[in-house]
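The values are calculated or read from the model by the stated rules, or taken from the named source; none is laboratory data. Bear in mind that the values here come from a model prediction, so they are computed numbers and not experimental data. Every residue, glycine among them, receives a Cβ derived from its backbone with ideal geometry; neighbour counts consider all protein chains shown.
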Amino acid sequence: MMASFRKYGTCFFEQYAKISLTEILGSYFGDLENRDRPDLQSADRKSLGIEVTRAMEQSKEAAASLLKEMSGIRPRNDDEEDDMARIVENGYGFGLQQGRYIGSRELPYWSMALPLKRILQSKVSKAGNGFYGVFDRLGLYVFCKDDLTDEKVRKTVRYVMDLQKYQDIRYNRLYLSEVSTLYVCNLDDGLSPDTRIMRFPILPEQRTEFYLRALRKQF
């Protein structure tokens, strides 16, 4: 499906996910293609599939906090002014301004996000029912607008493993992405809790690079 027809510009986020995985974890992810069910797939449609989604707590005042009147925002330095100009011009802002603001094109995407537990329930159920097909390795990449703690990530991993315990089709990896951190969680059997989670910082210059590269894919 062409990017111009992807509802709410989700291709931006799928490309951001692919870029972040490739740059942080290696070239193994570099050949992933934008598809559907799941969103990112290896060229052979068999080796690797990754579903990309987003989660946000609905209890927060999302509509008020997500989209600011751009004219009312006062960047504190030249770099932030440049970042804000990109958000205004392109309508996407993930990774910029330390995640404080969201562009106009992103608003429907984030406003429709379910809280983390509910989105995990939905995605695990769909995987188990064969909705995403069968892949040698299946991953779930979740953009999280709320801050994650190590403890919350550990609980999330346990929750997903419990949900899919009796399923034939399971996720092998869970990627939890917030603006400044990517958590890579191994869901395979036989591992100790201490070895399941790896935490990778995303530096400010990387965030800008990921943003610009994902944005260029939209045009």
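Values computed for the structure shown
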| item | result |
| --- | --- |
| Count of residues meeting criterion [modelled with pLDDT of 65 or more and under 22 Å from the mean Cα position of the chain (by Cα)] in segment 40-90 | 23 |
| Whichever residue in segment 157-201 is touching a Gly at 6+ places or on another chain (Cβ under 9 Å), closer than 19 Å to I19 by Cβ and modelled with pLDDT of 95 or more and, among such residues, is surrounded by the most Cβ atoms within 10 Å (Cβ to Cβ) | L174 |
| Index of the failed condition, R118 passing every other in (1) touching a Ser or Thr at 6+ places or on another chain (Cβ under 6 Å); (2) assigned to a helix (DSSP H, G or I) | (1) |
| Residue tally, condition among the aliphatic types (A, V, I, L, M) and either assigned to a loop (DSSP other than H, G, I, E, B) or more than 29 Å from S111 (Cβ to Cβ) (or both), over segment 126-149 | 2 |
| Tally, over segment 84-96, of residues that are surrounded by fewer than 22 Cβ atoms within 10 Å (Cβ to Cβ) and either in contact with a Leu (Cβ under 8 Å, 6 or more places away or on another chain) or not in a loop (DSSP other than H, G, I, E, B) (or both) | 6 |
| Residue satisfying condition, being within 23 Å of S47 (Cα to Cα), part of a helix (DSSP H, G or I) and not hydroxyl-bearing (S, T, Y), within set K123, K152 | K123 |
| Qualifying residue in segment 101-111 (condition: surrounded by fewer than 18 Cβ atoms within 10 Å (Cβ to Cβ), touching a Gly at 6+ places or on another chain (Cβ under 8 Å) and touching a residue at least 12 places away in the same chain (Cβ under 8 Å)) | yes |
| Among the candidates D39, D31, residue that is closer than 19 Å to F94 by Cβ, surrounded by 14 or more Cβ atoms within 10 Å (Cβ to Cβ), acidic (D, E) and touching a Ser or Thr at 6+ places or on another chain (Cβ under 9 Å) | D39 |
